[in-house]
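One structure is given here, and the rest of the page talks about it.
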Amino acid sequence: MAELTLRRRLGLANVVLYGLGVTIGAGIYALVGSTISLAGIHAPVAFVLAALIMVFPAACFAELTGRFPFAAAEARFVREGFGSRTLFVAVGLGVATIGIVAAAAIAHGAVSYLSRVIDLPPTLLLAFVICGCATVASLGIKSSTGIAGAMTVVEIGGLVLIIGGGFWAGKDILGQAVQAVPATLSLPVWSGIMAASLLAFFAFIGFENIDSIAEETTSPQRTLATAIFLTLLITTVLYLGVVLTVLATNDLADITSHPSPLTLTFTRNTGLPEIVLVAIATVATLNGIIVQILMAGRVIYGMARDGELPVGLARLSARTATPVRATALCAGVALIMALALPIVELAELTSAITLLVFALVCLSLARIKARGTPVPEGTFQVYRWVPPTGAIVCLGLLVAGVLPEI
C-alpha cells in the first residue's frame, strides 16, 4: 500500500481565498472596537503602521516559501537559516501555538455574535464552535478550503457592505482619514497608537499561514508569493475602509461601549436589521477558526513527520488524506485556551509570539542569502537589506506595543 501524502490541488484563487479567510476573520470583526479604544480617532494610523511592518516579513515569507515549499514552513525556514534543531522545534511549536491561540481568540468573537441568536451558555457555545470548526478543518483539503473560500466571500461582502453603507449615508470618510493623522508628537497619543498597532497587527496575521498549505499548492514558487502579497494588499484596503467608516459614523463613546461597533455602524448607515451583519460576522469568525486550526494541525503534522513530535500525529486519514489527529489536538488546546483567557489577552499573546517568530524568520533568510544558497527557478527574491530590516521592525513593534502596558 502506497504511503499517504498531501496532494497538490490548490491554485492561486484557492490560496488567496484561504489567506483572506484566515486574515480577515481573525481580526476586524472581533477587535475593531478594542483597537479604537486604544488609539481613538488615530486608529487608522495604527492599522497603516501594522500593515507597513507586515510588508517586510511578507516579502521574506514570499521568498522562503519558494525556496522551501513544505508544511511546518516557518520551522523549516529557521532550521535552514540557523542549522539548529532546537530552534526548529521551538519555532514549529510557536507557530502552532499562534494558530491555536488565535483560534481561541476568534472563538470569543464568534460566540459574541452567536449569543445574539442562540440562547446557550458561552462555555457551551465555545465548545460547539471550536469542535464544529475542527470537524470542517479535518475534511479533505479541497472540501475544507472550498468551504472556507465560500465563507471568505461572505465575510468580505460584509466589510464591503459596511464601507458602502457609509458612503450611501453620506458619511465623511475621506475627512475622517485626514483627522486620523496625528498633528502632535505627544507621547500619550503615540503610545496609544503603538499599543493599538500591536492589537491591529493581530488583524493582519494570516498571510504567513499560506505556507502551511505549500505541499497542497500547484506551482508553489509562483503561486505562494503572489497569494501572500495579494492577501496583504486586499486586507489593508478593506481594514482602512472599515475603520474609517466606523469612526465617521459613531461617537467614540458609542464605539468603545458597544459590544459590536461594526453591527452598530451597519444598522445606522443602511437601516437594515442587525441580524444581517450578525450572520455575516458569525460566518467570518467561524471561518477564521477553521483556517487557524487547519494551519496549526498541518504544522504539528509536519513536525511529527520529521520526527520532532510523536509519530502518531503524522498519520493521515485514509479517507480525507488530512492530519485528523493533529487537528483534533490543536482544537482541544484551543478550547482550553478560550475557556481560560479573554479575547484581548489572547490577541495580544498571539501578536507577541508572531512578532518573535517573524523576526527569527527574517534573520534566517538573511543568513541563507549571505551563504549564497541557490534559489529554485521562479522563486521571488528580496534585496539583502530587507530581512534584517524586517527583524528590526518586528521587534520594534513588539517593544513599542508592550511598553505602554508596563
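Being outside any helix (DSSP H, G or I) and closer than 25 Å to ALA127 by Cα is the filter; apply it to the range 259-304 and report the residue that is farthest from the chain's Cα centre (by Cα).
Here the answer is PRO259.
Considering only the range 310-344, state which residues are surrounded by fewer than 22 Cβ atoms within 10 Å (Cβ to Cβ) and outside any helix (DSSP H, G or I).
Passing the criteria: PRO310, ARG315, LEU316, SER317, ALA318, ARG319, THR320, ALA321, LEU341, PRO342.
Please determine whether any residue of the range 353-366 is of a type in the set (Gly, Ala, Ser), part of a helix (DSSP H, G or I) and in contact with a Gly (Cβ under 6 Å, 6 or more places away or on another chain).
Yes, there is a match, as at least one residue in the range 353-366 is of a type in the set (Gly, Ala, Ser), part of a helix (DSSP H, G or I) and in contact with a Gly (Cβ under 6 Å, 6 or more places away or on another chain).
Do the conditions hold for ALA107, that is, is it farther than 22 Å from LEU397 by Cα and modelled with pLDDT of 85 or more?
Values: farther than 22 Å from LEU397 by Cα: yes; modelled with pLDDT of 85 or more: yes.
Yes: the conditions hold for ALA107.
Among the numbered conditions (1) modelled with pLDDT under 90; (2) within 18 Å of the chain's Cα centre (by Cα); (3) under 23 Å from VAL357 (Cβ atoms); (4) not aliphatic (A, V, I, L, M), tell me where PHE68 comes up short.
With respect to (1) modelled with pLDDT under 90; (2) within 18 Å of the chain's Cα centre (by Cα); (3) under 23 Å from VAL357 (Cβ atoms); (4) not aliphatic (A, V, I, L, M), PHE68 is out only on (2).
Answer yes or no as to whether ARG85 is over 17 Å from the mean Cα position of the chain (by Cα), surrounded by 22 or more Cβ atoms within 10 Å (Cβ to Cβ) and either at pLDDT below 90 or hydrophobic (A, V, I, L, M, F, W, C) (or both).
Details: over 17 Å from the mean Cα position of the chain (by Cα): yes; surrounded by 22 or more Cβ atoms within 10 Å (Cβ to Cβ): no; either at pLDDT below 90 or hydrophobic (A, V, I, L, M, F, W, C) (or both): yes.
So ARG85 does not fit the description; no.
What number goes with the only condition from (1) touching an Asp or Glu at 6+ places or on another chain (Cβ under 9 Å); (2) assigned to a loop (DSSP other than H, G, I, E, B); (3) not β-branched (Val, Ile, Thr) that PRO374 does not pass?
That leaves (1) as the condition not met.
List the residue pairs whose Cβ atoms are under 9 Å apart, where the first residue sits in the range 148-176 and is closer than 19 Å to PRO44 by Cβ and in a helix (DSSP H, G or I), the second is of a type in the set (Lys, Arg) and modelled with pLDDT of 90 or more, and the two are 6 or more positions apart or on different chains.
GLY165/LYS171; GLY165/ARG268
Any residue in the range 292-303 that is more than 28 Å from ASN209 (Cβ to Cβ) and either surrounded by fewer than 22 Cβ atoms within 10 Å (Cβ to Cβ) or of a type outside the set (Val, Ile, Thr) (or both)?
no
For the range 104-121, enumerate the residues that are out of contact with any Leu (no Cβ under 9 Å at 6 or more places or on another chain) and either hydrophobic (A, V, I, L, M, F, W, C) or surrounded by fewer than 19 Cβ atoms within 10 Å (Cβ to Cβ) (or both).
Hits for the range 104-121 are ARG116, VAL117, ASP119, PRO121.
Looking for whichever is modelled with pLDDT of 90 or more, crowded, with 20+ Cβ neighbours inside 10 Å and of a type in the set (Phe, Trp, Tyr) here; the options are PHE358, PHE380. Which one fits?
Values: PHE380 fails: modelled with pLDDT of 90 or more.
Just a single option satisfies the conditions, and that option is PHE358.
Within the range 4-22, is there a residue that is buried (at least 20 other Cβ atoms within 10 Å of the Cβ), under 18 Å from the mean Cα position of the chain (by Cα), at pLDDT below 80 and within 19 Å of LEU355 (Cα to Cα)?
Yes: the range 4-22 contains one or more residues that are buried (at least 20 other Cβ atoms within 10 Å of the Cβ), under 18 Å from the mean Cα position of the chain (by Cα), at pLDDT below 80 and within 19 Å of LEU355 (Cα to Cα).
If I go through the range 86-127 residue by residue, how many of them are farther than 18 Å from GLY288 by Cα, in a helix (DSSP H, G or I) and touching a helix residue (DSSP H, G or I) at 6+ places or on another chain (Cβ under 9 Å)?
10
Of everything in the range 137-184 that's charged (D, E, K, R) and at pLDDT below 80, which residue is nearest to TYR113 (Cα to Cα)?
So, considering only residues that are charged (D, E, K, R) and at pLDDT below 80, the one nearest to TYR113 (Cα to Cα) is GLU155.
Answer yes or no as to whether ALA102 is small (Gly, Ala, Ser) and within 26 Å of ASN14 (Cβ to Cβ).
Criteria met by ALA102.
Determine which single condition ASP251 fails, assuming it passes every other condition in (1) surrounded by 21 or more Cβ atoms within 10 Å (Cβ to Cβ); (2) out of contact with any Pro (no Cβ under 9 Å at 6 or more places or on another chain).
For ASP251, the exception is condition (1).
Which of the following residues is free of Cβ contacts under 8 Å to residues at least 60 places away in the same chain and out of contact with any Gly (no Cβ under 8 Å at 6 or more places or on another chain): PHE61, PHE82, PHE128?
After applying the criteria, what remains is PHE128.
For the range 24-33, does any single residue satisfy the condition of being surrounded by fewer than 24 Cβ atoms within 10 Å (Cβ to Cβ), closer than 28 Å to ALA137 by Cβ and among the hydroxyl-bearing types (Ser, Thr, Tyr)?
Looking for residues that are surrounded by fewer than 24 Cβ atoms within 10 Å (Cβ to Cβ), closer than 28 Å to ALA137 by Cβ and among the hydroxyl-bearing types (Ser, Thr, Tyr), one finds none in the range 24-33, hence no.
Could you grab the pairs with beta carbons closer than 8 Å, sequence gap of 6+ or different chains, first residue in the range 282-302 and of a type in the set (Lys, Arg), second one crowded, with 24+ Cβ neighbours inside 10 Å?
Pairs that qualify, where the first residue is of a type in the set (Lys, Arg) and the partner is crowded, with 24+ Cβ neighbours inside 10 Å, are ARG298/ALA71; ARG298/ALA72; ARG298/SER212; ARG298/ILE213; ARG298/PRO323; ARG298/ALA326.
What's the number of the condition LEU139 fails, among (1) part of a helix (DSSP H, G or I); (2) farther than 30 Å from VAL45 by Cβ; (3) over 17 Å from the mean Cα position of the chain (by Cα); (4) not acidic (Asp, Glu)?
(1)
The values are calculated or read from the model by the stated rules, or taken from the named source; none is laboratory data. Worth saying up front: this structure is predicted, and the values here are computed from it rather than measured. Every residue, glycine among them, receives a Cβ derived from its backbone with ideal geometry; neighbour counts consider all protein chains shown.
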